[in-house]
Structures are given as structure tokens and as C-alpha cells.
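See below for the structure under consideration.
Values in this text are rule-based calculations from the coordinates and carry no lab data. Quantities reported herein were computed from a predicted structural model and do not represent experimental measurements. FYI the Cβ positions are ideal-geometry reconstructions off the backbone, even for glycines, and counts take in every protein chain you see.
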Amino acid sequence: MFERVDYYAGDPILGLMEKFLEDSNPNKVNLGIGIYYDEDGVLPVLDCVKTAEQRIADPISPRPYLPMAGLPGHRKGCQELLFGKDAKVLQDGLVATIATIGGSGALKVGAEFINEWFPHAKCYVSDPTWANHIAIFEGSDVEVGKYPYYDKASNSVKFDEMIAFFNTLNKDDVVLLHPCCHNPTGMDLTREQWDTVLDVVQERSLIPFMDIAYQGFGDDMDSDAYAIRKAVDMGLPLFVSNSFSKNLSLYGERVGGLSVVCPTVDEAERVFGQLNAFVRRIYSSPPSHGGRVVDIVMNDEALHDQWVGEVYAMRDRIKAMRLKLKSVLESKVPNRNFDYITRQNGMFSFTGLTPEQVERLQSEFGIYMISNSRMCVAGLNTSNIDYVANAMADVLKD
Ligand SMILES: Cc1[nH+]cc(COP(=O)(O)O)c(/C=N/[C@@H](CC(=O)O)C(=O)O)c1O
């Protein structure tokens, strides 16, 4: 009966996590999945989340279905984080926002919406991009193409090629953009480059779809949203998927959001209704617990301020690990340029190691990074960084 069903090849990121957990090497280091581990190598529970959890736990309350769009406070939290607390576009009621099952759920609902209402649109993703971007959009029958983005030889953005490619695209084609902390390269655009990208998007009437999963891990909450807010200032239609998995350290609670910036209130109402319709037919309504944590942290001023401080502490620890890794590698492999490690932003570094070198790190040293050479810098700490740098130096020298 089901022999016609193909075997699942596994996920390049989540599958690696399983292999890591099974590895008995006492020195193993997980630099694979994009998860923030603290200095002790532990996935943290933020203090602001602990407070929110206590409020949820006492007094304990029933767990009814949430609205299809999620809690109003969760949605408000997404909007103010992305667009700014006093953004005119919010005051004017031009943004349709739903709470979603993580950033992944936001991308899925967005892909379904585009397939339904822009059936001729293709979606173009950066080369390289987060692997699941392609799977999600193709899974919604949206044809996916790639735009030039990263030059491995120079460890920089192929900006002129990217712009030239955008100038070949058609009206309503979707360009999937990383506003900050590019996954997997960590290489972000400057503000001037964003301005140029958004000018081309406007000239070609493209649809920008910005996926922001690491807001606060780059420079700061507002700077990391520069591209989002610039598109709004230009009056562009805009999709934004956001994730609280990393910056609230709530991975398993599956909390995110999808926002669509519309030209008129009437269009925002139409879009909001259709987003609800897609939610209903895909998963009906979002999870309650995570939504309540987001609602409490984002809308309690003191907790929100505490949260921002906790995110910046995570950001700063990652930056410190970048500096340390770069200096150790420079001392051990003097004939190789490691500037890219500190030019890159957010959780990931595209190390440029070959698949064979990545495989050696895993098999000989128990160090796990994605086969495309992406390293999650947040997996480094002062206890393992010398071990990792020495191992990288070893495989780079041979
Ligand atoms: C760019 C991006 N967008 C969306 C997501 C999904 O977020 P969530 O809220 O968990 O649904 C991730 C997760 N990335 C890491 C984990 C994963 O692959 O699922 C990663 O790149 O390792 C991203 O890196």
C-alpha cells in the first residue's frame, strides 16, 4: 500500500542534531543548528521568560482555543518590534499580522497566500539561504529560483550581480530577503545597499518577503529592522515573517508572526481575513502557552526592557566568540585571512571549509557544523573555543 512512498532523506540541519546527540565523544561540540547556548553550553531560560511563566502558572488558567490569528498581545508585540512602537503604518491600520507557529509557520502561511493570490509569482531566495526556505515555498507549489548573494572566494556579498539579477525579474515576483543576520553566511547588506535593493524592488514592482529570525543578534532591535522600516517608509507592499525562537529562547514553544503591509485599510482587512483562512485550513490556531509568554514579555514595559538587555547580552557573547576564534585561528594559520569571522553578523559564520574538512571535524573531533560550512558561533564558549580553533587549524593545514 505505502511502498510507493519515498524514504525521507532527512533534514541537513535537524538530522545533524540527532547525530550529535548520539555521538559519545566527550569533547563533542554542537555548531550545527541555529540555537543559542550560553557560556556554560546550556540553552538558557531568559529571566523575563521566567517571570512570564510564573504569571501564567499562578493562578493556573484554562487553555481555550486561541483565535486563528493568535492573541492580540502577541500580534501587537510582533508589530511594535518589527515596525516600531509608534509607527504610523500601525496607527493607520495598514498591517495585517497573525501569530504563527514559529517563523516556519509564518513562511508557510505566506507561501500558501502567495500561491493562491499571486499564482504566477516565482519566489527568489539568496544563494545560499536557509535550506527550509526552498522546501517551504516549493511545498506550497511556488516555483523557487535563486539570486546571486555570496561570493565564497572573497567572503563578501555579490552585490552588483544581485542587483543585476533583480533587474531581470517580473512584476509580483517575490524576493525573499534576510533583513539581518543572514542565514547561513552571516554576511549582511549595508544600509546603502538596502536602499539600492529596495529602489530596484520598487522599480520592478517586486514583492519583498523579509524573514527576520534573529532580530537583536546583529546590531540592535531597531538597526536590525532597518530594511523592514525603509520598505515601509517607501510605501512598498511587504511580507515580514518573524521568529521568537532565538531571541526569546522559546524554540520549542513555536512562536512567531507573519505581517503583511498593505496600501489601504481595505486591503489590510482583505489580507488579514485570508491569512486567517489559511491558518484555519493548515493548523486552525496557534499554540497558547508560547503566545501568552510573548504577550506578557512584549507588552509589560519592564519585562520588555529586561528582554532587550538579555538579547544584547547573547549578542555580545557571540561577538566575543567571533573575536576570540578569529585571533586564535590567525595565530595558528597565519597564511589565511579570517577577517570574515568578525565581518559576519548574528549567529552564523560561513567558514569556507570544504565538505571534506567539515566531515573531518565531525568524525575526528566530534565538532558538528552544517556541510555547507555554516558554523553556529553561539555554540562556542571559553571552554571549547580553543579545541574548536585547533581542530579547524588542523583540517585547514592539511
Ligand atoms: C532564517 C530563518 N527563518 C526561519 C527559521 C525558523 O524559525 P522557527 O521559529 O524555529 O520556525 C529559521 C531557523 N533556523 C534554524 C533552525 C532550523 O533550521 O529550524 C537554523 O537555521 O539552524 C531561520 O534560520
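Treat every Asp and Glu Cβ in the stretch 123-240 as -1 and every Lys and Arg Cβ as +1, leave all other atoms uncharged, and give the resulting dipole magnitude about the Cα centre to the nearest 20 debye.
Taking the Cα centre of the stretch 123-240 as origin, the dipole is about 100 debye.
How big is the charge dipole of the stretch 120-166 about its Cα centre, in debye rounded to the nearest 20, if each Lys and Arg gets +1 on its Cβ and each Asp and Glu gets -1 on its Cβ?
In debye, rounded to 20, the stretch 120-166 gives about 100.
Of the peptides 297-304, 72-79, how do they stack up when ordered by the mean number of other Cβ atoms within 10 Å, highest first?
Top of the packing list down: 72-79, 297-304.
Nearest 20 debye, what's the magnitude of the dipole of the stretch 319-367 about its Cα centre given +1 on Lys and Arg Cβ and -1 on Asp and Glu Cβ?
Values: 8 positive and 5 negative charges, 63 e Å.
For the stretch 319-367, the charge dipole is close to 300 debye.
For a protection proxy built on the mean count of beta-carbon atoms within 10 angstrom, sort 242-253, 110-121 highest first, please.
242-253, 110-121
Points 7 angstrom from Cα along the Cβ direction at ILE56 and ALA320: gap in nanometres?
About 2.9 nm separates the two model spin labels.
If one computes the Cα centroid of the stretch 3-72 and of the stretch 226-286, what distance in Å separates the two points?
Each part's Cα centre sits 22 Å from the other's.
In whole angstrom, note down how far apart the Cα centers of the stretch 344-398 and the stretch 126-141 are.
So the two Cα centres are separated by 25 Å.
Could you check what % of the DSSP bridge pairs in the chain are antiparallel, to the nearest 5?
50 percent
Based on the mean of other Cβ atoms within 10 Å per residue, sort peptides 277-290, 148-161, 208-221, 13-26 so the most packed one is first.
Those peptides, ordered most packed to least, come out 208-221, 277-290, 148-161, 13-26.
With label points built 7 Å along Cα→Cβ from the Cα atoms of LYS85 and THR168, find their separation and express it in nm.
If labels sit at LYS85 and THR168, their model points lie 4.6 nm apart.
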